[in-house]
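The values are calculated or read from the model by the stated rules, or taken from the named source; none is laboratory data. These figures come from a predicted structure and were not determined experimentally. Reconstructed Cβ throughout: ideal geometry from the backbone, glycine too, with neighbour counts over all protein chains shown.
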């Protein structure tokens, strides 16, 4: 089969790899039909994160079940499924608690036969990991493209909203205009936020944020952005969704949160100077987040997608085939695309 | 009047200062009878925090009301009162919300006529700031010594427990064996925690922690402490009370919290290397804290002290008079005393 492989910073190649096969009775083999390139893939692409040379990559798979191990009960060959960015057993304390990303039996995608940017995939813990798309919608291309972001960014934006305790009637400030920030706007709107203030640096993305539900946008940076949001919120917002993980965005989050408010953060913190901890402390705000437990949210959000009340597909501003995945990385790296959809023709 | 004054790192002196007088109709003048030296006073005492030379110090006052301004309604001359480490109006959004430390009309003690380690004190916003001790207990020395920690450390320990969401039946891990950590043990016990694991470095303080309610203690440091707590809690605690604010204690907190758990932190973070943010993020734990809204908790905790079910006075391991306040700082600095009680004879 063909699969995207990491060959070094800035170097993704499509290579021939052995087809994966069932290794454990809980495995399923997926023929990948749709996948995506993620903002978090850029960390290793830019050499800012370690990655073993030659490792198959990608972690947002959707496809058709081809084969299942003897113990798999929830899916069967022919089913359309998608999977979160990490696998989970579905049975442990943390899966029961809705915290599938802390499942001790789970792991992230990647490695031989387990990169989602490839033709086939071995999915371990299939019952606890895979989400089955109801047959009625299983071949509707528009629906599938709207569901694909549920593998990662849509559920991550939702996690930011949940961690920031966004509820009906609230004012939410979303920091970051990447795919996760845009999904956080959608999530806040879905939860009933009355005002959604999107903070970002790109006019085109902020325009999209408005289309997706932002009531106001702030395009400035640093202290200026903090002052603008403080003014718009009469002294800070009770619900702040930090969707980047950079030092500057954490500083903005701590600077705009209202005393006693809630910051939900979902970008892996890349921080050298932890100055944001001082205003965070003084504000008595809660700071809650982490890797989104996608599997816990996927069915609830899928319901809305199938009902037509949630559609994150506008975040895909570029579509490529599997052979063009390297161009997809380039477009993401150069910010020519918000997020790249990969359609795997087979 | 006599008052303790900061003259530089390691240099606290008792000097003659003008008596304070009513300046605003909302002021009260307090004749201080009891006060204390706080672990947070050591930051400027050790030169690790800026403080203006010649500034009167102290922020944990208890005393008798001598005079009140025309608008003061809740206290009158002769009343025994104590005050939180910061003043508050009692009427704004944040005071109503129980977040008195974010009151825009409030301020911290210190400055001319406003240092609590002195004979007299001008208390602004008397109605919103002062807590009146019921007459029946107003002259009972044991009760007063048990109430004095409610000006700061007892309410701060309670805040850690509230932020860590400690409830009846829970397992709580308290990091830090200083006055705040010991009060956090008391607070966890009061809230019904079933197991309380105290983590510290001083055998005598950990023994006191056990007397106050800790069911287990851990005396090791760093990775070893994390491993011990992980083992005791079968994989991490859902409720972690970080009562120091140092880099190492934050690392311990992030290392022992159970995925999806809650860290309450009440020590001002003094962090250069923010490595603890990585395990914090991966754990999806909430991280909540800040300066304790003492005024919001004081009456509830006073009730328990008056009922005899809460007694934080064992944290006072040294008693001095006002003239000996400099020795009190020395004892705290050298860790000869956990906390110093100052009895002001006048």
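Observations on the structure shown:
- The listed residue being within 27 Å of residue A:286 (Cβ to Cβ) and buried (at least 21 other Cβ atoms within 10 Å of the Cβ), out of B:39, B:90, B:115: B:39
- Residue B:253 vs. criteria closer than 30 Å to residue B:143 by Cα, within 13 Å of another protein chain (Cβ to nearest Cβ) and in a helix (DSSP H, G or I): no
- Leading residue by the ranking (surrounded by the fewest Cβ atoms within 10 Å (Cβ to Cβ)) among those in the stretch B:268-282 that are more than 7 Å from chain A (Cβ to nearest Cβ) and part of a loop (DSSP other than H, G, I, E, B): B:272
- One residue stands out in the stretch A:292-309 among those that are outside any helix (DSSP H, G or I) and surrounded by fewer than 24 Cβ atoms within 10 Å (Cβ to Cβ): the one that is farthest from the other protein chains (Cβ to nearest Cβ), namely A:308.
- Members of the stretch A:205-237 found to be touching a residue at least 40 places away in the same chain (Cβ under 8 Å), over 12 Å from residue A:173 (Cα atoms) and touching a strand residue (DSSP E or B) at 6+ places or on another chain (Cβ under 6 Å), listed by number: none
- Checklist (1) surrounded by fewer than 21 Cβ atoms within 10 Å (Cβ to Cβ); (2) closer than 28 Å to residue A:43 by Cα; (3) within 14 Å of chain B (Cβ to nearest Cβ) applied to residue A:203, failing item: (3)
- Residues within the stretch A:291-306 that are over 15 Å from residue A:107 (Cα atoms) and either within 14 Å of the chain's Cα centre (by Cα) or outside the structural domain of residue A:83 (by TED's automatic domain parsing) (or both), tallied: 4
- The listed residue being on the phi < 0 side of the Ramachandran plot and more than 23 Å from the chain's Cα centre (by Cα), out of B:66, B:49, B:60: B:66
- For the stretch B:12-23, a residue qualifies if it is surrounded by fewer than 22 Cβ atoms within 10 Å (Cβ to Cβ) and in contact with a strand residue (DSSP E or B) (Cβ under 9 Å, 6 or more places away or on another chain), and the qualifying residues are B:13, B:14, B:15, B:16, B:17, B:19, B:21, B:22, B:23.
- Pair list, Cβ under 6 Å, 6 or more apart: the stretch A:86-105 residue within 21 Å of residue A:121 (Cβ to Cβ) and at the interface with chain B (Cβ under 8 Å from one of its Cβ atoms), other residue at pLDDT 95 or above and not in a loop (DSSP other than H, G, I, E, B): A:101/A:86
- In the set (1) under 24 Å from residue A:285 (Cα atoms); (2) more than 18 Å from the chain's Cα centre (by Cα), residue B:184 fails one condition alone, (2).
- Among strands (runs of 3 or more DSSP E) entirely within the stretch A:125-238, having at least 1 residues that are under 26 Å from residue A:82 (Cβ atoms) and in contact with a helix residue (DSSP H, G or I) (Cβ under 9 Å, 6 or more places away or on another chain) singles out A:171-175.
- Screening the stretch B:6-118 for strands (runs of 3 or more DSSP E) wholly inside it with 1 or more residues that are farther than 22 Å from residue B:319 by Cα and either in contact with a helix residue (DSSP H, G or I) (Cβ under 9 Å, 6 or more places away or on another chain) or at pLDDT below 95 (or both) returns the ranges B:28-37, B:62-68.
- The set of residues in the stretch A:238-276 that are at positive phi and in contact with a strand residue (DSSP E or B) (Cβ under 7 Å, 6 or more places away or on another chain) contains only A:245.
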